[in-house]
Amino acid sequence: MSTMPASHGHNQACCNVPPVVGKGYKAKGSYEEIGGFKTYVTGPSDATKAIVVVYDIFGYFDQTIQGADILAFSDDHQKYKVYMPDWFEGKPCPIEWYPPTTEQQQKDLGQFFGTNPPPKTAGLIPDYVKAVQAKDSSISKFGIIGYCWGGKVVALTTKAETNPFSIAASIHPAMVDATDAKDVKIPTILLASEEEDVAEVKKFEETLTVPKHVEIFADQIHGWMAARADLEDARVREEYERGYKTVLSFFGKNF
C-alpha cells in the first residue's frame, strides 16, 4: 500500500481493466513504422487522444505490451490510441543482466546506458509525436508514460520547452531527481516501488506545482508494472492491476 497520501485525488478507478494474464499474453495491437521507428500500436481507431509509451530497458516484453493494451482498452469515458516505439531499434538490454551479479554484467549494463542515455531519447520524442500527428490527424492531444529508464525520459521530455504532452506518468522511475519537477507544467503521476529513494520521491512530489498523484507501492520491486512483473504471483498481479487503474483514473480526470 501507499506510504504517503495521494495528492489531488484518490485511487478510485474510473474503469475496469481487462483480466490480467500471468503468461502467454496475446497482444491486441500490431506493429507499424512511424517516424523511422518500429512501433507497437494499439487502441480504438476513432480515438482522439494518444499515449506514447517509453518502455523500460528490456524493450518489448509481454508485461509491458499488456500494459499498453490496458491503457488502450480500459477507460469507458475516454478512448486512447497507444504508441510504443522501439527506441532501442531491436537491441534492448537482456533481462538476465539485471540486477547485475557479475563484473561483466556490470560492465555490459554500463555500456548499454552509455549507448542509450535518457537525454538522447528525450530529444527524439517531439519529432516522433509530429510523425504520429502526420499519420493520424484525428489525434488532438498526447500523453506520455514511461517505465524505469523511461521514467527519466518522461521527466526530461516534459520539463523541456519542446514538450508536446498534456499529461505524464512515470512508473517506478529510474534516477528520480526533484530538480526535474520544478519545470514540469503538466499534470503528472508518479508511482514508485520499494526500491526508489523515498526521500527523493517525496521531494519530487513537493516540488511539483501541477495537478499530481505520487504514491509508493511499498511491497513491489522496481519494474512491477513492466518487464520485471511476475504476473503469476497473485500479489504482484493485484498491484500491477491497481497501478494501471490508478494511472487511468488520473488521466481520466486530467487529460
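A short reminder: the numbers here are calculations on the coordinates, not readings from a lab. Small disclaimer: the values here were computed from a predicted structure and weren't measured. Cβ coordinates were reconstructed from backbone atoms using ideal geometry, including for glycine residues, and neighbour counts include every protein chain displayed.
What residue, of ASP108, ASP180, ASP127, is in contact (Cβ under 8 Å) with a residue 40 or more places away in the chain and not basic (Lys, Arg)? Exactly one of ASP108, ASP180, ASP127 is in contact (Cβ under 8 Å) with a residue 40 or more places away in the chain and not basic (Lys, Arg), namely ASP127.
So, in segment 21-78, of the ones that are in contact with a helix residue (DSSP H, G or I) (Cβ under 8 Å, 6 or more places away or on another chain) and part of a helix (DSSP H, G or I), which residue ends up farthest from ALA234 (Cα to Cα)? My answer is LEU71.
VAL132 meets the conditions (1) closer than 16 Å to ILE51 by Cβ; (2) in a loop (DSSP other than H, G, I, E, B) in every case but one. The failed one is (2). Residues in segment 145-175 that are assigned to a strand (DSSP E or B) and closer than 19 Å to THR209 by Cβ: ILE167, ALA168, ALA169, SER170. Restricting attention to segment 72-94, the residues that are more than 18 Å from ILE145 (Cα to Cα) and surrounded by fewer than 18 Cβ atoms within 10 Å (Cβ to Cβ) total 6. Of all residues in segment 218-241, those that are in a loop (DSSP other than H, G, I, E, B) and closer than 22 Å to ILE95 by Cα total 15. Selection of segment 95-125 for residues being surrounded by 14 or more Cβ atoms within 10 Å (Cβ to Cβ) and over 19 Å from GLY151 (Cα atoms) yields TRP97, PRO100, GLN105, ASP108. Among the candidates ILE167, ILE186, ILE221, ILE145, the residue that is of a type in the set (A, V, I, L, M, F, W, C), under 17 Å from the mean Cα position of the chain (by Cα) and over 23 Å from VAL129 (Cβ atoms) is uniquely ILE221.
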